[in-house]
Amino acid sequence: MATLSSTHCRSYSPLPSSSYAPSSSSYLCFKLGHRQRVSVSSGSKRFLEAKVSIQSHTNSVGRTQDGAVTTTVAPIENDIPFKKLKDGLLSVSSSDECKDAMTFEINENEPTVSITVVGASGDLAKKKIFPALFALYYEDCLPQQFTIYGYARSKMSDADLRHMVSKTLTCRIDKRENCTEKMEQFLKRCFYHSGQYDSPENFAELDKKLKEHEGGRVSNRLFYLSIPPNIFIDSVRCASLSASSGNGWTRVIVEKPFGRDSESSAALTKALKQYLEEDQIFRIDHYLGKELVENLSVLRFSNLIFEPLWSRQYIRNVQLIFSEDFGTEGRGGYFDNYGIIRDIMQNHLLQILALFAMETPVSLDAEDIRNEKVKVLRSMRPLQLENMVVGQYKSHTKGGVTYPAYTDDKTVPDDSLTPTFAAAALFIDNARWDGVPFLMKAGKALHNKRAEIRVQFRHVPGNLYNRNFGTDLDCATNELVIRVQPDEAIYLKINNKVPGLGMRLDRSNLNLHYAARYSKEIPCAYERLLLDAVEGERRLFIRSDELDAAWALFTPLLKELEEKKIIPEYYPYGSRGPVGAHYLAAKYNVRWGDGVDQ
């Protein structure tokens, strides 16, 4: 499988392992009757860029750093540029000409990747997907032959799309060189086709345009469905029947929500599988692409000090906290149909929990990791109403500014009971985590914006310094905090002595602050996930049985909330949320870490 590598990102494998495997291309370069065979097979980009030199009578065979074979010969004077040999072949006098011949044939055989953003005129496409694709292009992570198409119902020309996209493109803070030039080159690869999402004819027209750009090469196609879930199936049907690749792979990225409950999720999966195989479906949860979430398994499995502590024996509770300091901000119509539990807890936080709590996988292979996540989800107790608190933000005036209530949003019904806040206690019934509460909290219009994992360890048995802490033993608890966003960091709270003659204890942080430690800007989660989809790496995408297990935990509770019309506890806009969340934590002798960590 041919591989193009870059010093800036992972190697890119553009060919499907099962459907296409090109044979080695061989080139004969001749020098005054001395034949040298240079074989170019599935080597790296560095090998393709290396100079192929044919300079002398005496052959010398060596290897480049990556293992590629090179042939060198000592120079001969009075070279003849081209000389016809007895067998009718031409000798090539310069290494550059030989290299050009190789590059031409390699480019002719190199497969293409066509990325179609379905719903290209929407906010997600403009703010996240196109900027992420440009960042990958800027880092040389996309293959040499690629095309990007926007597809939507809006009437636009190629120039209109490029103008729209150009407004959202930025270069890395630490890499500003040739930024404008790179943007222009990227935009030249962007095209637009207007069509209906349920029209096979419109997708057939798109297919025709894609083939023009692919130029007869092996075509690999990626469709990103940045559209409402009610038109997923129509778009997948049309893309599958009218715009699939005929000789490469076809993959589809599906954005959440993946249904509203177990039944609707199963129906969506069944409908998708009428047109796609499971390995063609990439269910994206962008939180799994966050740098600190991906670092979670590294922290645990490559540091000896953590893995022995990762169990009920040493961990008292685990908290997964998500908060936003703004309300629905015009998304009220969408949000009211789903609520905070479906929007955040059932996917983002539950996926992080599964990664945190899983057993050591057999390998880093996608299926091995996802198998372990599924085991965790299947070991969890379904949520009960007594272990859940729901809330909804109300209007609040602070500093002379009046902030609106959730129901003040014109797209939200006045009598809506949809939760904008939820806190829950979950339990994993297995040997490692039996009895350890996993506390989740997610809400909108709270006092700050954050997403973090907090691991509170047990108290030290027979602690000699208990009297120095007084009655508040929580102050003496070691705590590991993984701050996913903003201002990414990992820090461990420890107890230490304050310098001086007395015995006064203090709580300090051993802190890995990413901005201070690393000068490189952290990539957007969509960059990592788009690159994974192009490469066929499924580790950070959700499998269908994983999705089924996740919905099985939340569906009974969601139905009970809706059938009983549970009234949410109201909390002021900009506060820490409902008081009931603190009572829920206290029920399990836990204090929310974000309330005392300033």
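Taking a 24 Å limit on the Cα-Cα distance, which of the listed pairs Lys167/Lys441; Lys126/Lys373; Lys441/Lys493; Lys188/Lys208; Lys290/Lys449 fall beyond it?
Lys167/Lys441; Lys126/Lys373
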Let me make sure I get this right: for the stretch 112-255, a, b and c are the square roots of the gyration tensor eigenvalues over alpha carbons, sorted descending. Under 1.5 in a/c it's rounded, otherwise prolate if a/b > b/c, else oblate. Which is it?
prolate
Put Arg237, Arg331 in order of accessible area, largest first, 1.4 Å probe: what do you get?
Arg331, Arg237
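Over the stretch 112-255, what percent of the accessible surface lies on carbon and sulfur atoms, probe 1.4 Å?
Numbers: 2720 of 5810 Å².
Answer for the stretch 112-255 is 47 percent, counting heavy atoms of protein chains only.
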From Cα pairs below 8 angstrom and at least 6 apart in sequence, can you work out the relative contact order of the stretch 373-447, rounded to a whole percent?
31 percent
Once the cut-off is 24 Å, how many percent of the Cα-Cα pairs in the stretch 441-595 end up in the long-distance tail?
60 percent
What do you reckon, how do Lys273, Lys564, Lys155, Lys126 stack up by accessible area (1.4 Å probe), largest on top?
Lys155, Lys564, Lys273, Lys126
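Provide the net charge surrounding Gly289, with neighbours chosen by a C-beta distance below 10 Å and charges set as Lys +1, Arg +1, Asp -1, Glu -1. List each step's numbers first, then the result.
Details: positive: Lys290, Arg528; negative: Asp285, Glu291, Glu294, Glu527, Asp532.
Result for the neighbourhood of Gly289: -3.
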Roll a 1.4 Å probe over the protein heavy atoms and report the accessible area of Thr170 in Å², nearest 10.
100 Å²
Which of the three applies to the stretch 197-326, rounded, prolate or oblate, going by the alpha-carbon gyration tensor with a ≥ b ≥ c and a/c under 1.5 meaning rounded?
prolate
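Could you calculate the FRET efficiency of Ile566 with Lys375 from 1/(1 + (r/R0)^6), where r is the beta carbon distance between them and R0 is 35 Å, rounded to 0.05? Walk me through the intermediate numbers first.
Working: r = 31 Å, r/R0 = 0.90.
E between Ile566 and Lys375, to the nearest 0.05, is 0.65.
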What whole-number distance in Å separates the alpha-carbon centres of the stretch 420-462 and the stretch 257-302?
22 Å
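I need to check one value: relative contact order of the stretch 112-255, counting alpha carbon pairs closer than 8 Å and at least 6 residues apart, in percent.
Working: 224 pairs, mean separation 45.9, N = 144.
It rounds to 32 percent for the stretch 112-255.
The values are calculated or read from the model by the stated rules, or taken from the named source; none is laboratory data. Only a predicted model underlies this, so the values are computations on that prediction, with no experimental measurement involved. Every residue, glycine among them, receives a Cβ derived from its backbone with ideal geometry; neighbour counts consider all protein chains shown. Each accessible area value is taken on the protein alone, full model and side chains, heavy atoms only, with ligands, DNA and RNA left out. Shrake-Rupley method; radii C 1.70, N 1.55, O 1.52, S 1.80 Å.
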